[in-house]
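The values are calculated or read from the model by the stated rules, or taken from the named source; none is laboratory data. Treat the numbers as computed from the prediction; the structure is a model and nothing was measured. Cβ sites come from the backbone with ideal geometry, for glycine too, and all protein chains shown count toward neighbours. For accessibility, only protein heavy atoms count, side chains too; no ligands or nucleic acids. Shrake-Rupley method; radii C 1.70, N 1.55, O 1.52, S 1.80 Å.
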2 protein chains.
Amino acid sequence: MAPGATSKKKTDDEQSTKDSLIHLSNPHLEKMKDDILYHFALGTGTHDFPALFGDIKFVCVGGSPSRMKAFTTYIAKELGLESASGDYPNICEGTDRYAMYKVGPVLSVSHGMGIPSIAIMLHELIKLLYHSKCSNVTIIRIGTSGGIGLEPGSVVVTRQSVDATFKPQFEQVILGKTVIRSTNLDDQLAKELMQCSKEINQFNTVIGNTMCTLDFYEGQARLDGAICSYAEEEKLKYLKDAYDAGVRNIEMESSVFAALCNLSGVRAAVVCVTLLNRLEGDQISSSHDVLVEYQQRPQKLVGHFIKKRLGKV
Amino acid sequence: MAPGATSKKKTDDEQSTKDSLIHLSNPHLEKMKDDILYHFALGTGTHDFPALFGDIKFVCVGGSPSRMKAFTTYIAKELGLESASGDYPNICEGTDRYAMYKVGPVLSVSHGMGIPSIAIMLHELIKLLYHSKCSNVTIIRIGTSGGIGLEPGSVVVTRQSVDATFKPQFEQVILGKTVIRSTNLDDQLAKELMQCSKEINQFNTVIGNTMCTLDFYEGQARLDGAICSYAEEEKLKYLKDAYDAGVRNIEMESSVFAALCNLSGVRAAVVCVTLLNRLEGDQISSSHDVLVEYQQRPQKLVGHFIKKRLGKV
């Protein structure tokens, strides 16, 4: 059990102090002989976690497996850690639930779409880092989102993740009862990332609130789902209300990401590119090549951040 | 339930009559020239939907892309529709969000994990079936789950999908307000599937309620997540209360699946194998081979059902 893990007695709302080790707020795990991380197809009884993962300092997560593989190739080149083959093995090759790659101190993991999918991954990732005795870990989500009032291709570094009523909270259901958790992210880390964006100076980056929804169509006020019961004026009013509440982009994972990283004492940030301006439309109709270039922007920003932290810039 | 959502509640709760065509409850779509199904990398402007998909009568969906590919290979053989190469192209090859395969009248689609992930897929699937002018379509989710009080490997055909408080409802947030939707499934279809299980007589199958949660760890009362604030006794009480409410298995997609199929007038069923008995533990520790065999059971059951419907048994 990590020092400081007694903080599990504190309420969920309280942000854990950001000391160097992972906080595992679960006394039951001590009693388990082995721990199977089922959705990674990894286990403490079959894998030497400290040897495999003990040197990790940065974890980058994103929805798409191929995007996380592309990030791995990119960061390997940036850090001068290319593999001879030019390929990187998927550490989770025993399952197709998630993909995981590692280059030096950087772990890349896919998380699928939506709060439940990223939550499963984060529970197992946090246990992986704990079992591996990792210290001073920074986790960054590099993703895609819909923008509000921003030119498409802009990057948003999240100040606070807010829910569909613009409150900075995440509702976790436990034993049928709802518990409210804080969705604060690390201010200092967000500022560092903004500074990195200024240094590379290749695209527009802003700090703003990110709305995290449970649904892509009705939950984000789109008019183009299979079901829609509201008018365009109602949609626009909702999105403008969100803008007035400081929301600059909408995605589907940041709230539980912030909540779980908070509770585990891990510094965390969310860096998402906006694929469209939702005040202008709902369909993602930019060309494949434009969308690919947009998706590289969070990777470039975070790549620069990692190089800087490692003294390689 | 927010005030003002009352009128929506009434509409949403009303189950659409199950006539032969897909109901598209969205007046805005008529005004759109093209429709891009972004997460399928398909669009009406680039693909001839009626020619590609017009003959679909059965859609089988499941979380894992490789499992849905395995089902495609299996059903092709069962229906005598094997491809010469023995391989089946992924119709969604332009994206890694979902995988989609088609053999004769059977479409197989992966949906990832959790309500948000399957909801995105279903919105786009329902629009795909509508644009393709499909009629008399049956959709079946073939998945995995945790069982309650059942021998591992048992298959559950869902009577009702219930939430974490055991109510047969799904909460959809629209413009920041919560709307309650029905999660009823087709009784007659569930009975047909039970009859199929009796005919193949290879594994235990029951009809029961299925609890659909937003989280795999705390949301399902597991003791082995990165965070756990309750005692084993509280966990067991919750699971026994669920059993007493008719719940026989727990998964993470059935509620929105039932709700969206209801609203679109599509006959739907959920057939999930149980990988473990949650009254006995939390970790999925059966061998790879045992789990693979378990996961084939819903495929066999639904394969028999499709053959029977097509007069091939």
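Hey, A:Ile207 hits all of (1) buried (at least 21 other Cβ atoms within 10 Å of the Cβ); (2) not in a loop (DSSP other than H, G, I, E, B) but one; which does it fall short on?
With (1) buried (at least 21 other Cβ atoms within 10 Å of the Cβ); (2) not in a loop (DSSP other than H, G, I, E, B) applied to A:Ile207, the lone miss is (1).
Could you check region B:263-294 and list, in sequence order, the residues that are open to solvent by less than 20 Å² (accessible area, probe 1.4 Å) and aliphatic (A, V, I, L, M)?
B:Leu263, B:Val266, B:Ala268, B:Ala269, B:Val270, B:Val271, B:Val273, B:Leu275, B:Leu276, B:Ile284, B:Leu291
Scan region B:215-245 residue by residue and report those that are over 15 Å from B:Arg278 (Cβ atoms), of a type outside the set (Val, Ile, Thr) and open to solvent by less than 70 Å² (accessible area, probe 1.4 Å). Break it down into steps so the answer makes sense when it comes.
So the first thing to find is which residues in region B:215-245 are over 15 Å from B:Arg278 (Cβ atoms), and the list is B:226-227, B:229, B:231.
Pick out the ones that are also of a type outside the set (Val, Ile, Thr) and you get B:226, B:229, B:231.
Residues satisfying the conditions are B:Ala226, B:Ala231.
Kindly evaluate B:Gly146 against the criterion of being over 13 Å from the mean Cα position of the chain (by Cα) and surrounded by fewer than 24 Cβ atoms within 10 Å (Cβ to Cβ).
Values: over 13 Å from the mean Cα position of the chain (by Cα): yes; surrounded by fewer than 24 Cβ atoms within 10 Å (Cβ to Cβ): no.
No, not satisfied.
Only one of these conditions is not met by B:Leu291: (1) assigned to a strand (DSSP E or B); (2) at the interface with chain A (Cβ under 10 Å from one of its Cβ atoms). Which number is it?
Tallying (1) assigned to a strand (DSSP E or B); (2) at the interface with chain A (Cβ under 10 Å from one of its Cβ atoms), B:Leu291 fails exactly one: (1).
Which one of A:Ile180, A:Ile118, A:Ile148 is on the phi < 0 side of the Ramachandran plot and in the same structural domain as A:Thr46 (by TED's automatic domain parsing)?
Testing whether each residue is on the phi < 0 side of the Ramachandran plot and in the same structural domain as A:Thr46 (by TED's automatic domain parsing) leaves just A:Ile118.
Select, from B:Cys272, B:Cys228, the only residue that is modelled with pLDDT of 95 or more and touching an Asp or Glu at 6+ places or on another chain (Cβ under 6 Å).
One residue alone meets the criteria, B:Cys272.
It is to be established whether one or more residues within region A:274-281 are basic (Lys, Arg) and under 21 Å from the mean Cα position of the chain (by Cα). Spell out how you get there, then give the answer.
Residues of region A:274-281 basic (Lys, Arg): A:278.
Narrowing further to those that are under 21 Å from the mean Cα position of the chain (by Cα): none.
No, every residue in region A:274-281 fails to be basic (Lys, Arg) and under 21 Å from the mean Cα position of the chain (by Cα).
What is the number of the single condition among (1) over 22 Å from A:Ile174 (Cα atoms); (2) hydrophobic (A, V, I, L, M, F, W, C); (3) assigned to a helix (DSSP H, G or I); (4) open to solvent by 30 Å² or more (accessible area, probe 1.4 Å) that B:Ala259 does not meet?
(4)
Would you confirm whether any residue within region A:178-195 is outside any helix (DSSP H, G or I), free of Cβ contacts under 8 Å to residues at least 40 places away in the same chain and among the acidic types (Asp, Glu)?
Within region A:178-195, the subset outside any helix (DSSP H, G or I) is A:178-186.
Pick out the ones that are also free of Cβ contacts under 8 Å to residues at least 40 places away in the same chain and you get A:178.
From the residues that got through so far, the ones that are among the acidic types (Asp, Glu) too are none.
Within region A:178-195, none of the residues are outside any helix (DSSP H, G or I), free of Cβ contacts under 8 Å to residues at least 40 places away in the same chain and among the acidic types (Asp, Glu).
Between a residue in region B:273-291 that is within 16 Å of B:Tyr238 (Cβ to Cβ) and any residue that is among the β-branched types (Val, Ile, Thr), which pairs come within a Cβ distance under 8 Å, given they are 6 or more apart or on different chains?
Final answer for the pair search is B:Asn277/B:Ile148; B:Arg278/B:Ile148; B:Arg278/B:Ile250; B:Leu279/B:Ile148.
Could you check region B:27-79 and list, in sequence order, the residues that are of a type in the set (A, V, I, L, M) and either without any contact (Cβ under 8 Å) to a residue 24 or more places away in the chain or closer than 30 Å to B:Arg297 by Cα (or both)? So that I can check it myself, show each step before the final result.
Keep residues of region B:27-79 that are of a type in the set (A, V, I, L, M), which gives B:29, B:32, B:36-37, B:41-42, B:51-52, B:56, B:59, B:61, B:68, B:70, B:75-76, B:79.
If the condition is that a residue be of a type in the set (A, V, I, L, M) and either without any contact (Cβ under 8 Å) to a residue 24 or more places away in the chain or closer than 30 Å to B:Arg297 by Cα (or both), then B:Met32, B:Ile36, B:Ala51, B:Leu52, B:Ile56, B:Val59, B:Val61, B:Met68, B:Ala70, B:Ile75, B:Ala76, B:Leu79 are the ones that fit.
Would you confirm whether or not region B:83-100 contains a residue that is of a type in the set (D, E, K, R), within 9 Å of chain A (Cβ to nearest Cβ) and open to solvent by less than 30 Å² (accessible area, probe 1.4 Å)?
No: zero hits.
Answer yes or no as to whether A:Leu42 is within 11 Å of chain B (Cβ to nearest Cβ), modelled with pLDDT of 95 or more and crowded, with 21+ Cβ neighbours inside 10 Å. Can you show your working first?
Working: within 11 Å of chain B (Cβ to nearest Cβ): no; modelled with pLDDT of 95 or more: yes; crowded, with 21+ Cβ neighbours inside 10 Å: yes.
No.
Of everything in region A:238-251, what is farther than 18 Å from B:Met121 by Cα, more than 10 Å from chain B (Cβ to nearest Cβ) and touching a residue at least 24 places away in the same chain (Cβ under 8 Å)? Give them in sequence order.
The answer is A:Lys240, A:Tyr243, A:Ala245, A:Gly246, A:Val247, A:Arg248, A:Asn249, A:Ile250.
Starting from residues that are charged (D, E, K, R), in contact with a Phe, Trp or Tyr (Cβ under 9 Å, 6 or more places away or on another chain) and closer than 16 Å to B:Gly176 by Cβ, keep the ones in region A:204-237 and report whichever is farthest from the other protein chains (Cβ to nearest Cβ).
Within region A:204-237, the match that is farthest from the other protein chains (Cβ to nearest Cβ) is A:Arg222.
Residue under question is A:Arg159, and the condition is that it be within 14 Å of chain B (Cβ to nearest Cβ), charged (D, E, K, R) and part of a strand (DSSP E or B); does it hold?
For A:Arg159, the condition - within 14 Å of chain B (Cβ to nearest Cβ), charged (D, E, K, R) and part of a strand (DSSP E or B) - is not met.
Could you tell me which numbered condition A:Asn26 fails, if it satisfies all but one of (1) farther than 17 Å from A:Ser108 by Cα; (2) modelled with pLDDT of 95 or more; (3) facing chain B (nearest Cβ under 9 Å); (4) surrounded by fewer than 20 Cβ atoms within 10 Å (Cβ to Cβ)?
A:Asn26 satisfies every listed condition except (4).
Give B:Ala231, B:Ala258, B:Ala226, B:Ala245 a once-over and let me know the one that is within 15 Å of the chain's Cα centre (by Cα) and small (Gly, Ala, Ser). So that I can check it myself, show each step before the final result.
On the way: B:Ala231 fails: within 15 Å of the chain's Cα centre (by Cα); B:Ala226 fails: within 15 Å of the chain's Cα centre (by Cα); B:Ala245 fails: within 15 Å of the chain's Cα centre (by Cα).
Of B:Ala231, B:Ala258, B:Ala226, B:Ala245, the one residue that is within 15 Å of the chain's Cα centre (by Cα) and small (Gly, Ala, Ser) is B:Ala258.
Would you mention how many residues in region B:69-124 are assigned to a helix (DSSP H, G or I) and either among the small types (Gly, Ala, Ser) or out of contact with any helix residue (DSSP H, G or I) (no Cβ under 8 Å at 6 or more places or on another chain) (or both)?
Matching residues across region B:69-124 total 8.
With (1) part of a helix (DSSP H, G or I); (2) open to solvent by 40 Å² or more (accessible area, probe 1.4 Å); (3) within 14 Å of chain A (Cβ to nearest Cβ) as the list, and B:Glu199 as the residue in question, which single condition is left unmet?
In the conditions (1) part of a helix (DSSP H, G or I); (2) open to solvent by 40 Å² or more (accessible area, probe 1.4 Å); (3) within 14 Å of chain A (Cβ to nearest Cβ), B:Glu199 misses (3) alone.
Can we say B:Lys133 is surrounded by fewer than 24 Cβ atoms within 10 Å (Cβ to Cβ) and either touching a residue at least 24 places away in the same chain (Cβ under 8 Å) or closer than 18 Å to A:Met113 by Cβ (or both)?
Numbers: surrounded by fewer than 24 Cβ atoms within 10 Å (Cβ to Cβ): yes; either touching a residue at least 24 places away in the same chain (Cβ under 8 Å) or closer than 18 Å to A:Met113 by Cβ (or both): yes.
When the stated conditions are applied, B:Lys133 passes them.
Any residue at all in region A:3-10 that is at pLDDT 95 or above and more than 9 Å from chain B (Cβ to nearest Cβ)?
Scanning region A:3-10, I find no residue that is at pLDDT 95 or above and more than 9 Å from chain B (Cβ to nearest Cβ), so the answer is no.
Kindly provide the set of residues from region A:125-156 that are in a strand (DSSP E or B) and within 14 Å of chain B (Cβ to nearest Cβ), ordered by number. Steps first, answer last, please.
Taking region A:125-156 and keeping what is in a strand (DSSP E or B), we get A:135, A:138-147, A:155-156.
Result: A:Ile139, A:Gly143, A:Thr144, A:Ser145, A:Gly146.
Can you tell me which residue among B:Ser85, B:Ser154, B:Ser132, B:Ser66 is under 17 Å from the mean Cα position of the chain (by Cα) and of a type outside the set (A, V, I, L, M)?
B:Ser66
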